[in-house]
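Peer 1: Here's a structure for you.
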Amino acid sequence: MDTRLDERKKKILKAIIRTYMETGEPVGSRTISKYADLHVSSATIRNEMSDLTDMGYIIQPHTSAGRIPSDKGYRLYVDELMKEKEEEIAEVRDLMIAQTDKMDKVLKKVARVLASNTNYAAMVTVPQYSGSTVKFIQLSRVNPQQLVAVVVTDNNVIRNQIIELDEEMDDETILKLNLLLNTNLNGVPIQDINLGMIARLKEQAGMHSSVVATVLDAVAATISVDRDDMEIYTSGATNIFKYPELADKSKASELISAFEEKQELADLVKEHMSDSDNNGLSVYIGEEMPIKTMRDCSVVTATYELGQGMKGTIGIIGPKRMDYENVVDSLKSLKVQLDSLLKNKT
């Protein structure tokens with residue numbers, strides 16, 4: 001980079017290039033003087049443009065009073081632009097890392113406070129996407145016997161699915177299938193894709209119904225919750241020992257194992273997310289529990305929302321004689337605070 005090119009010259013060069021890219025006409029000093037962030041006179045701009053010409057960043061075509069960028073000018077512009085974009089990407093990445101770290105700390109603290117306030121065990125899940133709609137589907141050829149289906153949802157979750165073909169499919173057929181899928185599925189909530197819709201699409205696809213079925217499997221997979229991928233923070237598991245009916249060695253061991261391995265807790269969360277009432281609260285008592293190892297317990301769960309379809313679960317696990325009123329009030333209050341706190345951190 002030319003060390004003589006100060007910030008004002010860079011701004012003027014950038015303004016010349018952007019204006020020329022928009023109009024295709026040589027750019028004069030009067031046009032550049034209208035740029036709000038320059039705050040200099042036309043005479044100053046003319047002098048700077050003269051310097052930029054001498055330095056080889058802009059050239060004067062024929063007898064025109066205006067200037068156009070040279071290859072050298074374009075190169076500097078592109079290099080500066082790329083540098084700016086890299087800095088923007090780095091800022092966004094650092095912000096996301098910081099936000100994730102903040103969220104983790106908040107959720108861990110929530111679990112600790114909830115366990116301490118209620119004297120029961122507590123759990124909090126990291127929010128996950130729900131309620132996605134189909135944004136776009138693209139079928140593309142990988143090789144003569146394979147297609148790849150790319151499914152994109154409104155929250156930019158992307159799923160790729162390789163589709164094996166019995167015989168080669170021509171470009172026209174691929175185009176028709178793309179039109180069929182996008183015409184019928186764009187903007188449709190994934191949970192609304194029912195058996196009737198699937199049957200109709202497969203019928204319209206005719207001999208290629210198996211391709212449509214595979215694509216729809218990929219669509220469904222974009223919102224499936226994998227219990228092994230679900231992040232759950234827990235606290236207060238040892239509080240269980242305070243209640244004689246749960247302090248039996250074998251029962252306590254099973255409960256502690258459930259808290260450590262967390263797979264059964266993930267199953268419980270999935271049950272709650274699919275079966276919560278309008279308030280986002282669910283109460284499971286004894287035999288109502290979907291988890292066998294917890295059927296001597298009661299569990300109260302609530303949904304908190306981060307926005308843009310992201311939801312998480314907070315829950316309290318304790319004896320069947322737990323103070324339900326206190327637990328429900330605590331969860332309701334915490335849910336409101338969590339909604340507000342996490343939304344302010346994004």
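Peer 1: So if I check each of V152, V148, V134, V188, which one is more than 30 Å from V327 (Cα to Cα) and over 19 Å from the mean Cα position of the chain (by Cα)?
Peer 2: V148
Peer 1: Can you find a residue in the range 119-136 that is within 30 Å of M294 (Cα to Cα), assigned to a helix (DSSP H, G or I) and in contact (Cβ under 8 Å) with a residue 24 or more places away in the chain?
Peer 2: No; the residues of the range 119-136 include none that is within 30 Å of M294 (Cα to Cα), assigned to a helix (DSSP H, G or I) and in contact (Cβ under 8 Å) with a residue 24 or more places away in the chain.
Peer 1: Please verify whether P127 is at pLDDT below 80 and buried (at least 17 other Cβ atoms within 10 Å of the Cβ), treating the condition exactly as stated.
Peer 2: yes
Peer 1: Among the residues of the range 230-250, which ones are within 39 Å of the chain's Cα centre (by Cα), assigned to a helix (DSSP H, G or I) and under 17 Å from S298 (Cβ atoms)?
Peer 2: Correct list: A237, N239, I240.
Peer 1: Counting only residues that are part of a helix (DSSP H, G or I) and among the polar types (S, T, N, Q), how many does the range 40-65 have?
Peer 2: Of the residues in that region, 5 qualify.
Peer 1: Search the range 261-296 for residues being small (G, A, S) and in a helix (DSSP H, G or I), and hand back the single one that is modelled with the highest pLDDT.
Peer 2: In this case the residue turns out to be G286.
Peer 1: Further, regarding this structure: Do you know which of the residues in the range 181-197 that are without any contact (Cβ under 8 Å) to a residue 40 or more places away in the chain and surrounded by fewer than 16 Cβ atoms within 10 Å (Cβ to Cβ) is nearest to D171 (Cα to Cα)?
Peer 2: Within the range 181-197, the match that is nearest to D171 (Cα to Cα) is T183.
Peer 1: Okay, next question. Within the range 8-27, take every residue that is outside any helix (DSSP H, G or I) and modelled with pLDDT under 85 and give me the one that is surrounded by the fewest Cβ atoms within 10 Å (Cβ to Cβ).
Peer 2: By that ranking, first place goes to G24.
Peer 1: Filtering the range 304-316 down to residues that are surrounded by fewer than 23 Cβ atoms within 10 Å (Cβ to Cβ) and outside any loop (DSSP other than H, G, I, E, B), which residue is modelled with the lowest pLDDT?
Peer 2: Per the criteria, the residue is G307.
The values are calculated or read from the model by the stated rules, or taken from the named source; none is laboratory data. Source: prediction; values computed, not measured. Cβ atoms come from the backbone with ideal geometry, glycine included; neighbour counts cover every protein chain shown.
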